[in-house]
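Working notes, beginning with the structure itself.
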């Protein structure tokens, strides 16, 4: 069975703090993809990153960074120096082998960044 | 290069009415996926369609829900005799082909999800 767990339902931080959103996944596939999406209060889904299972390099994009660890089946997301505009619900998702387009989403983590 | 277009953005229906949600995939995409997001929950896969074919409907409720993707025109998600529990955001995504990583296969920096239709049943 495939599953994505985001154990943190809500996180509240003060602006400029760093924050890490956890994502743990389960799959028996050796080839798979992991995603992060942002859902701001306006409701649309904003794609942040896709990672394939063979690429364990950490990725940094501006204030965002991702830590992919196959040994612990985790794909954590860190926002450095958070800003109020980062307030949103963040979803981690898994796409199994040959399951193009069929994503398994976590429950989401609601991040609130206060000024 | 328009993205995935969904309409309407907001839809209000009374209990017992029918709801029709439309999704126009990105140009050149022949694969469409529908997801539902119930309040306070993550997205759940509903159905995967290619032109004129339903490929995987494992996430569709057994009754009242149907989906189609005709040769011409948008994909339609149809909910008959809506109930309050159908109130949710319905998202559509498209891809140019199937297979692993299909959703973001070509352009790694673009989201292929539409903006969603928020259905409210009163």
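Quick note: the coordinates plus some simple rules give every number you see, no bench work behind them. Owing to the predicted nature of the structure, the values given are computational and were not obtained by experimental measurement.
Consider just the alpha-carbon atoms of the stretch B:1-91 and return their Rg together with their Dmax, both in angstrom.
Looking at the stretch B:1-91, its Cα Rg and Dmax stand at 12.8, 38 Å.
Among bridges DSSP assigns within chain B, what percent are antiparallel (round to 5)?
90 percent
Compute a Gaussian network model of chain A, connecting alpha carbons closer than 10 Å, and tell me which residue from A:79, A:60, A:104 fluctuates the most.
Between A:79, A:60, A:104, it is A:60 that shows the largest mean-square fluctuation.
Averaged over all directions, how much area does the convex hull of the C-alpha atoms of the stretch B:59-99 cover when projected, in nm²?
About 4.1 nm², averaged over all directions.
Between the stretch B:34-59 and the stretch B:75-93, how far is it from one alpha carbon centroid to the other, in angstrom?
10 Å
If I take the Cα coordinates of the protein assembly as shown and project them onto the principal axes, what are the three extents in Å, biggest first?
Largest first, the protein assembly as shown extends 48, 38, 36 Å along its Cα principal axes.
Just round it to a whole percent: the fraction of Cα-Cα distances in chain A exceeding 17 Å.
That tail contains 52 percent of the Cα-Cα pairs.
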